[in-house]
Amino acid sequence: MNHDNYDDNYIRSILNGVKSIAMVGASPVNVRPSYFAFKYLAQRGYDMIPVNPGHVGKSLLGKPFVASLWDIGRPVDMIDIFRNSSHIMPVVDEALTLSPPPKVIWMQLGARDDAAAEKAEAAGLKVVMNRCPKIEYGRLSSEISWMGVNSRTLSSKRAPIPTQGMRLSLNRMSVGGGATAASDRAAKNKSEPT
Amino acid sequence: MTDRLPGFSTLAVHAGAQPDPTTGARVTPIYQTTSFVFNDADHAASLFGLQAFGNIYTRIGNPTTAVLEERIAALEGGTAALAVASGHAAQVVVLQQLLMPGDEFIAARKLYGGSINQFTHAFKSFGWNVAWADPDDIASFERAVTPRTKGIFIESIANPAGSITDIEAIAEVARKAGVPLIVDNTLATPYLIRPIDHGADIVVHSLTKFLGGHGNSLGGIIVDAGTFDWSKDNKYPMLNEPRPEYHGIRIQETFGNFAFAIACRVLGLRDLGPALSPFNAFMILTGIETLPLRMQKHCENAKAVAEFLAGHPAVASVNYSGLASDKYNKLARKYAPKGAGAVFTFSLRGGYDAGVSLVSNLQLFSHLANVGDTRSLVIHPASTTHSQLDDEAKVRSGAAPDVVRLSIGIEDKEDLIADLEQALSV
């Protein structure tokens, strides 16, 4: 696996495939990158689990913090590690003791540990290093294009209509009753033969 | 399917644009609105806190403008871009992220006259000091580096004489100095030269010229190459220190390899205010769709006109790097193999008076202060764009009193040559 340069399809398959993500090092402080990423991924429908021993007893956007991966108590698809490169290996070692093990180890922007990656890959896990899942999700969906970022994707297809399959709101403000005054008059004239 | 890198012309038409989800409109709509409604209070707070992608207010971002930004980022091979109101605005916003009062940047002496003025006079009042270097003497850039140097600024194809700058050699100086290389790529456009491929960290443009291409809309843009490590040596507090205007966010840590473009948007454009009109963004986007075709024709015409002038008895010299005899031809072959651009100068044996007479006798060429239009343009730099320089600086920047500058359009070249021929023979 070339960890300097990932094929988009590799990242796409991971983000399309995983449903639950444990974020190690998630912060409740709302200006930290981990908070941004946690909130964004939760809003995109991922089952997010904040892992941070310093915040047990609190919750992040309604999800209770756990102290370690062992405390999650259910299978998890991906471990997103928001720690410096020097703290990666113990997290990977812990992840590999889980049963079943996670499918993906993801190291955040700026974090890279090639030895830990090799170990995880030898155990059959997929690894991404030095990337942010929020940025990659935003890029591949082209949502990040709002910020002038080069998504490196093209499409000639109409994006899905936001309202398709949803109940439309009927709660719009009405203007002066139902029909127009002229049509009211016309209806009245019709019902009152001369 | 592995990732396929589309060709330049495909990107020029498609990058950044997608049929509108609401209406199905194929051409990018003009979102002529100042503001965008939030979904709810939480959404609003997320946008203001830079936690969500989305639109707030057109001074900070606009969906039409965003298409332009992504398209040029793709054409230049950058990670992100930020469009602003003019090329001059792009320069202010870039340098505001890099320099604190008392800091310096190094600039090539051969630059658009307006940039020389901006750097010399306007920036002085911000406490930003410019040190000049000679793009034909790479060592002069090395000598200009000091501990307060925060960036190096050059033009890829330099105004007014169309000379070619050795981008790779100056990129090496910047790398050794630990500062970003900023390249103004206006006269080349990414079709002829992609400075990021040669080591540039930031690319700026006046979109008003060849990119828009039709002389109808002002604009500027900043492209982030995603190559520079802003955290090194803690020289760049705008990118690397907690920002009080965003509750302590560190821009590089949060946005990675497009942090510079984000800093330009949320610290520069938001607070300085030179936003591009969505209508102008639309006009420029439409222009870019035909950029490859236009640049081919511009370059073909420019070469033919330069060859004609080089053989004319009234002409003393022609400065066009596309001519085999030109001093910059070797650099042109290396950096701009598809063509040497369409802006160049020549001087007349009759000196200043002959130049003035030529300009007034031309009938197809328009006498005005712009370049990169579909129409062919002519100007006498010494009395206009470079008039505020002293005589020595005029000569050094390629705008000596006997020099006439042409910007060759996409008309039929035979008609352009005929117009010059009649004007020179009057």
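The values are calculated or read from the model by the stated rules, or taken from the named source; none is laboratory data. Just so it is clear, the model here is predicted, and its values are computed rather than measured. Cβ coordinates were reconstructed from backbone atoms using ideal geometry, including for glycine residues, and neighbour counts include every protein chain displayed. Ligands, DNA and RNA are excluded from the accessible area calculation, which covers all protein heavy atoms including side chains. Shrake-Rupley method; radii C 1.70, N 1.55, O 1.52, S 1.80 Å.
The H on the amide N of A:Met48, modeled in the peptide plane, is under 5 Å from the matching H of A:Ile21, each at least 5 residues off or on a different chain. Quick one: Debye curve from the C-alpha atoms of segment A:8-147, no solvent, what's log10 I(q)/I(0) at q = 0.09, 0.16 Å⁻¹? Log-scaled intensity ratios, in q order: -0.23, -0.78.
For segment B:191-329, calculate the relative contact order in percent as a whole number, restricting contacts to Cα pairs under 8 Å that are 6 or more residues apart. The partial results should precede the final answer.
Numbers: 142 pairs, mean separation 29.4, N = 139.
Over segment B:191-329, the number comes to 21 percent.
Enumerate the amide H contacts of B:Ile56 below 5 Å, restricted to partners 5 or more residues apart or on another chain; note that Pro and chain-start residues carry no placed amide H. HN-HN under 5 Å from B:Ile56: B:Gly61.
Protein heavy-atom surface of segment B:29-287, 1.4 angstrom probe: 54% of the accessible area is carbon and sulfur, with nucleic acids and ligands not counted. Around the Cα centre of segment B:352-411, unit charges on the Cβ atoms of Lys, Arg, Asp and Glu (plus for the first two, minus for the last two) sum to a dipole of about 160 debye. Phi angles of segment B:287-294 translate, via the Karplus equation with coefficients 6.51, -1.76, 1.60 and θ = phi - 60°, into HN-Hα couplings of x, 5, 4, 9, 3, x, 5, 5 Hz per residue; Gly and Pro are given as x.
Here the Karplus relation 6.51 cos²θ - 1.76 cosθ + 1.60, evaluated at θ = phi - 60°, turns the backbone of segment B:150-157 into coupling constants of 10, x, 10, 10, 9, 9, 5, 9 Hz, with x for every Gly and Pro.
Ligands, DNA and RNA left out, the accessible area of segment A:8-147 computed with a 1.4 Å probe is 52% carbon and sulfur.
Might you tell me the accessible area per residue for segment A:8-147, computed with a 1.4 Å probe and given in Å²?
Details: 5760 Å² over 140 residues.
Per residue, segment A:8-147 has 41 Å² of solvent-accessible surface.
Annotation note: trypsin sites (Lys or Arg not before Pro) in segment A:113-157 located in DSSP loop regions with a Cβ neighbour count of at most 12 within 10 Å are A:Lys157.
Antiparallel DSSP bridges in segment A:8-147: what percent, to the nearest 5?
On the way: 2 of 20 bridges.
So the antiparallel bridges amount to about 10 percent of the total.
Contact residues in segment B:1-35 (at least 40 Å² less accessible area with all protein chains than alone, 1.4 Å probe): B:Asp3, B:Gln18, B:Pro19, B:Pro21. Beta bridges from DSSP with both residues in chain B: antiparallel share about 60 percent, rounded to the nearest 5. Around the amide H of B:Lys150, modelled in the peptide plane, lie the amide H atoms of B:Glu104, B:Phe105, B:Ile106, all under 5 Å away and 5 or more residues distant in sequence or on another chain. Taking θ as phi - 60° and the Karplus parameters 6.51, -1.76 and 1.60, the scalar couplings of segment A:131-137 work out to 9, 10, x, 5, 5, 5, 5 Hz in sequence order, x denoting glycine and proline.
Can you tell me the dipole magnitude for the protein assembly as shown around its Cα centre, using point charges on the Cβ only (Lys, Arg +1; Asp, Glu -1), in Debye to the nearest 20? Write down the numbers at each step before the final one.
Details: 58 positive and 60 negative charges, 330 e Å.
I would put it at about 1580 debye.
Look at the dipole of the protein assembly as shown built from charges on Cβ: of A:Ile105, A:Ser68, A:Ser183, the Cα furthest out on the positive end belongs to A:Ser183.
Only beta bridges with both residues in the protein assembly as shown are counted; by DSSP, about 45 percent of them are antiparallel. For chain B, the longest principal axis of the alpha carbon atoms and the long axis of helix B:87-98 meet at an angle near 50°. Please find, in a Gaussian network model of chain B (springs between Cα atoms separated by less than 10 Å), the residue of B:Glu411, B:Glu300, B:Glu76 whose mean-square fluctuation is greatest. For chain B, modelled as a Gaussian network with Cα springs under 10 Å, the answer is B:Glu411.
With +1 assigned to the C-beta of every Lys and Arg and -1 to the C-beta of every Asp and Glu, and no other charges, what is the dipole magnitude of segment B:30-106 about the Cα centre in debye, to the nearest 20?
Numbers: 2 positive and 7 negative charges, 40 e Å.
About 200 debye.
Taking Cα atoms only, the orientation of helix B:63-76 departs from the longest principal axis of chain B by about 60 degrees. What does the buried accessible surface come to for B and A, summed over both chains, with the probe at 1.4 Å? Round to 100 Å². Heavy-atom accessible area buried at this interface is about 3300 Å².
Can you tell me the mean projection area, over all orientations, of the convex hull of segment B:29-287's alpha carbons? Units nm², please.
Values: hull surface 51.7 nm².
Directional mean of the projected Cα hull area for segment B:29-287 stands at 12.9 nm².
Towards the positive end of the charge dipole of the protein assembly as shown, with charges on Cβ (+1 Lys, Arg; -1 Asp, Glu), say which of A:Leu170, A:Leu96, A:Ser156 has the farthest Cα. Comparing the listed Cα positions along the dipole, A:Leu170 ranks first. Which of the residues in segment B:40-63 show a loss of at least 10 Å² in accessible area from their chain by itself to the complete set of protein chains, at a probe of 1.4 Å? In segment B:40-63, residues shielded by partner chains: B:Asp42, B:Ser46, B:Leu50, B:Gln51, B:Ala52, B:Phe53, B:Gly54, B:Asn55, B:Pro63.
Excluding A:Arg112 itself, what net charge comes from residues whose Cβ is under 13 Å from its Cβ, given Lys and Arg +1 and Asp and Glu -1?
Working: positive: A:Arg83, A:Arg131; negative: A:Asp4, A:Asp113, A:Asp114, A:Glu118.
Computed value for this residue: -2.
For A:Lys19, the lysines whose Cα falls under 30 Å of its own Cα, not counting residues fewer than eight places away in the same chain, are A:Lys39, A:Lys58, A:Lys63, A:Lys103, A:Lys119, A:Lys126, A:Lys134, A:Lys157. Per atom type, segment B:291-425 shows carbon and sulfur on 51% of its accessible surface, probed at 1.4 Å. Put the Cα centre of segment B:158-231 next to the Cα centre of segment B:395-418 and the gap is 23 Å. Between the residues B:Asn159, B:Gly372, B:Phe255, the greatest Cα displacement towards the positive end of the dipole of chain B, with unit charges on the Cβ of Lys, Arg, Asp and Glu, is found for B:Phe255. Buried on complex formation within segment A:27-50 (loss of at least 30 square angstrom of accessible surface versus the isolated chain, 1.4 Å probe, ligands and nucleic acids ignored): A:Val31, A:Arg32, A:Pro33, A:Phe36, A:Lys39.
Could you state the accessible area per residue of chain B in Å², with a 1.4 Å probe and every protein chain left in place? Kindly include the intermediate steps, with their values, before the conclusion.
Details: 15850 Å² over 426 residues.
Spelled out: the 1.4 Å probe surface of chain B, per residue, equals 37 Å².
Cα centroid separation, segment B:1-69 to segment A:96-145: 28 Å. Using a Gaussian network model of chain B in which every pair of alpha carbons under 10 angstrom is joined by a spring, one finds that among B:Val356, B:Val203, B:Val94 the greatest mean-square fluctuation is at B:Val356.
GNM on chain A, C-alpha springs below 10 Å: top fluctuator among A:Gly62, A:Gly73, A:Gly124? Answer for the Gaussian network model of chain A: A:Gly62.
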